[in-house]
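Notes follow the structure.
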Amino acid sequence: MSFEGIPIYKPKPYKKAPELSGVAGSRHPFVIVGSGPIGLALGLAMARKGHQVTILAAFDFISAGSKGICYSKEALDIFDQLGIGERIVKKGVVWNVGKVFWGDSSDPVYQFDMLPVKDQKNPGFVNIQQYYVEDYLVDALEQMDNVDIRWGHAVSDMTHDENGATLTVTSRDGDYRLETDYVLACDGSKSTIRELMGLDFEGRIFEDSFLIADVKFKQSRPSERWFWFDPPFNKGRTALLHKQPDDIWRLDFQLGWDVDREEAIKSENVAPFIKGLLGEDIEYEEDWMSIYTFQCRRMARFVHGRVIFAGDAAHQVSPFGARGANSGLPDTQNLAWKLDMILRKQAPESLLESYNIERTQGADENILNSTRSTDFITPKSEVSTAFRDAALELANTYEFARPLVNSGRLSTPTPYHDSPLSTPDSGEFPVGPKPGHVCVDAPITVNGKDGWLLESLGDEFTLLHFGDKPPSTGLTTLTIAGNNLALERYGAGTSYLVRPDKIVAARWAHAHESDIKKGFSRAIAQGGS
Amino acid sequence: MKPVIKLNTKANMLRCDDVYEALINVHTGLSPQESMRLNIKLVLFLTNHIGHADVIFEAIAKAANPK
């Protein structure tokens, strides 16, 4: 099944908008534009906080095609908070190790482990087709009665001012208008909202094309990320192999800039690549073929008054590093608690500016890593190529050169340095996540039950205390006592003020109630700092 | 606080003529491309041995603009 060339994974019911049946629509607190993983995750986060959620989905289906397949530990922790993490891990292929090969050698020149700190609930990475992630998000949304996903409703125009926006929505029964206080633009790299506002991107476009060949075959191979520089089956270029659920494998080949996209994905042209990588005798079925090019760029600002951008609509990176959806998902967690507190009048509207500051900083770090990986993978000058090959040559023999080999620095959380919401440390902390950093997980026992630290943090601000005398505050408090890994990772006797997105806002060696109050006010942009 | 380590721009090496000669002789018979690759490997070895990013950045800046 396909629609306008887009393959369909699962059809979804189109419904005529109530606005077109003579029902006067009331003004929405916010409207989410876009039904990819970012729009859906943001919708689910807001729905779980009790808000009325409206999501505009341009098509009336979940599209097929594996697309983004690598979900990081941070993304899995976010899915856990949304209640679908365990379903994703169960269906997905868990991996932690990546190997890098050079030339025709079957021994890796370098390998890395994406989960250096063990004893955490979630693995370094899970591979799963994007449509499963979207399907699970939709399942969770459909179980809630405060959610309205409008399948087959696309934004075609918008006017906006300091109080909100009026969206013109096009559906098969005609156009109608939606009034809203906020527009949450999660409408992807070709964002309609961004275009309607005449806003553009700043950054670099890379002149290179890559072939994705997702194929189905049965062969026993380890669940690892394998990357090749200059392999015999793609001389002078690169290749990548990833395992997905359902015996599907992601094969990715660098093609160079001038390619005929139609020609390149024809079976007879793809076959030599696949057989080169997997062997002449391999029997496979084609699942999804696609050509991609990429940019590393972002919008100058993500917050434009009451129009807020998240995910690919706001920032784009190369796929090396799996920093697309994995950086869009933290956008949603960052935005959801701030918008929630603003809508409940528990925090001033100025709190939104911290979303802009923190997530543009996150995007910059992702773009930096992604650009460096891309320059290593596809060097653009003679000297850059010589450096790359020299590093690979030395990595064969010498340990020091192995970390230089950059086949993609895979997504890890981007800390918020100098965030206005963070209280700088006073005193020395030998261990533990710094303010602006995400909490590290650890196995814990709560009320006699074994569990994990991250999943025990709720959807609100929490005071984490490592000892048996938690300071008294009005905040939800989680006390972790005893001699365990959590104390080793955070420091005995310490207290951490943790935001709803599991970022440390402040920490104290010996917390006093007044300090915690000050830290909390600062973390929600209330009053002076 | 870690001490700030500066690039040493004073004469720091005994047998400097021997080293200079060895740096040149190793290129005998190499094409410009091969020489470039060899020089890069040398740079990578030595930067790792020095091990202080700030020293390397200072050396890069001074090499690009010696005045």
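The values are calculated or read from the model by the stated rules, or taken from the named source; none is laboratory data. Just so you know, these numbers come straight off a predicted model, no measurement behind them. Note that each Cβ is placed from the backbone with ideal geometry, even for glycine, and that neighbours are counted across all protein chains shown. Side chains are part of the model used for accessible areas, which takes the heavy atoms of the whole protein and leaves out ligands, DNA and RNA. Shrake-Rupley method; radii C 1.70, N 1.55, O 1.52, S 1.80 Å.
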Quick one: residue A:403 ticks every box in (1) within 24 Å of residue A:293 (Cβ to Cβ); (2) under 28 Å from the mean Cα position of the chain (by Cα); (3) within 14 Å of chain B (Cβ to nearest Cβ) bar one, so which box is it? (1)
Give the stretch A:179-235 a look and list any residue that's farther than 30 Å from residue A:269 by Cα, in contact (Cβ under 8 Å) with a residue 12 or more places away in the chain and over 21 Å from the mean Cα position of the chain (by Cα), or say none. A:179, A:180, A:181, A:182, A:196, A:197, A:199, A:200
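Residues are listed down the side, and each one gets a yes or a no for (1) under 30 Å from residue A:306 (Cα atoms); (2) of a type in the set (Asp, Glu); (3) open to solvent by less than 60 Å² (accessible area, probe 1.4 Å); (4) within 14 Å of chain B (Cβ to nearest Cβ):
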site	(1), (2), (3), (4)
A:367	yes, no, yes, no
A:385	no, no, yes, yes
A:394	no, no, yes, yes
A:397	no, no, no, yes
Taking the residues in the stretch A:369-383 that are within 22 Å of the chain's Cα centre (by Cα) and open to solvent by 30 Å² or more (accessible area, probe 1.4 Å) as candidates, determine which candidate is nearest to the other protein chains (Cβ to nearest Cβ). A:372
What tally of residues in the stretch B:45-62 results from selecting those that are under 18 Å from residue A:387 (Cβ atoms), out of contact with any Ser or Thr (no Cβ under 7 Å at 6 or more places or on another chain) and within 14 Å of chain A (Cβ to nearest Cβ)? 8
I'd like to verify a number: residues in the stretch A:96-154 that are part of a loop (DSSP other than H, G, I, E, B), modelled with pLDDT under 95 and among the small types (Gly, Ala, Ser), how many? 4
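Residues are listed down the side, and each one gets a yes or a no for (1) crowded, with 16+ Cβ neighbours inside 10 Å; (2) in contact with a Lys or Arg (Cβ under 9 Å, 6 or more places away or on another chain):
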| site | (1), (2) |
| --- | --- |
| A:226 | yes, yes |
| A:233 | yes, yes |
| A:238 | yes, no |
| A:241 | yes, yes |
| A:252 | yes, no |
| A:260 | no, no |
| A:287 | yes, yes |
| A:295 | yes, yes |
| A:298 | yes, no |
Out of (1) exposed (fewer than 10 other Cβ atoms within 10 Å of the Cβ); (2) more than 13 Å from chain A (Cβ to nearest Cβ), what's the single condition that is false for residue B:31? (2)
Got at least one residue in the stretch A:314-325 being under 14 Å from the mean Cα position of the chain (by Cα) and in a strand (DSSP E or B)? yes
Name the residue that is farthest from residue B:54 (Cα to Cα), counting only residues in the stretch B:7-27 that are touching a helix residue (DSSP H, G or I) at 6+ places or on another chain (Cβ under 8 Å) and open to solvent by 90 Å² or more (accessible area, probe 1.4 Å). B:13
What is the one condition in (1) surrounded by 15 or more Cβ atoms within 10 Å (Cβ to Cβ); (2) more than 24 Å from residue A:408 (Cβ to Cβ) that residue A:142 does not satisfy? (1)
Given the criterion in a helix (DSSP H, G or I) and free of Cβ contacts under 8 Å to residues at least 60 places away in the same chain, identify the matching residue among A:368, A:329. A:368
Residue A:148 - would you say it is among the charged types (D, E, K, R) and open to solvent by 20 Å² or more (accessible area, probe 1.4 Å)? yes
Within the stretch A:406-425, restricting to residues that are in contact (Cβ under 8 Å) with a residue 40 or more places away in the chain and open to solvent by 40 Å² or more (accessible area, probe 1.4 Å), the one that is nearest to the other protein chains (Cβ to nearest Cβ) is A:425
What pairs can you find where one residue is in the stretch B:47-63 and of a type outside the set (A, V, I, L, M), the other is in a helix (DSSP H, G or I), and their Cβ atoms are less than 8 Å apart, with a gap of 6+ or different chains? B:47/B:56; B:48/A:400; B:48/A:401
Mind checking which residues of the stretch A:287-324 are at pLDDT 90 or above and aromatic (Phe, Trp, Tyr)? A:288, A:292, A:302, A:309
In the stretch A:163-190, the residues that are open to solvent by 40 Å² or more (accessible area, probe 1.4 Å) and assigned to a strand (DSSP E or B): A:170, A:175, A:177, A:179, A:181
The lone exception for residue A:218 - which of (1) touching a Cys at 6+ places or on another chain (Cβ under 6 Å); (2) of a type in the set (D, E, K, R); (3) not in a strand (DSSP E or B) it fails: (1)
Identify all residues within the stretch A:131-152 that are within 19 Å of the chain's Cα centre (by Cα) and either acidic (Asp, Glu) or farther than 24 Å from residue A:288 by Cα (or both); write none if there are none. A:134, A:135, A:140, A:141
Pairs please, first residue from the stretch A:375-399 and within 20 Å of residue A:108 (Cα to Cα), second anywhere and polar (S, T, N, Q), Cβ atoms under 7 Å, 6+ apart in sequence or on different chains. A:376/A:406; A:377/A:238; A:377/A:407; A:378/A:254
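Listed here are the residues, each with its yes/no results for (1) touching a Cys at 6+ places or on another chain (Cβ under 7 Å); (2) within 22 Å of residue A:501 (Cα to Cα); (3) open to solvent by 20 Å² or more (accessible area, probe 1.4 Å).
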residue	(1), (2), (3)
A:15	no, no, yes
A:28	no, no, yes
A:49	no, yes, yes
A:62	no, no, no
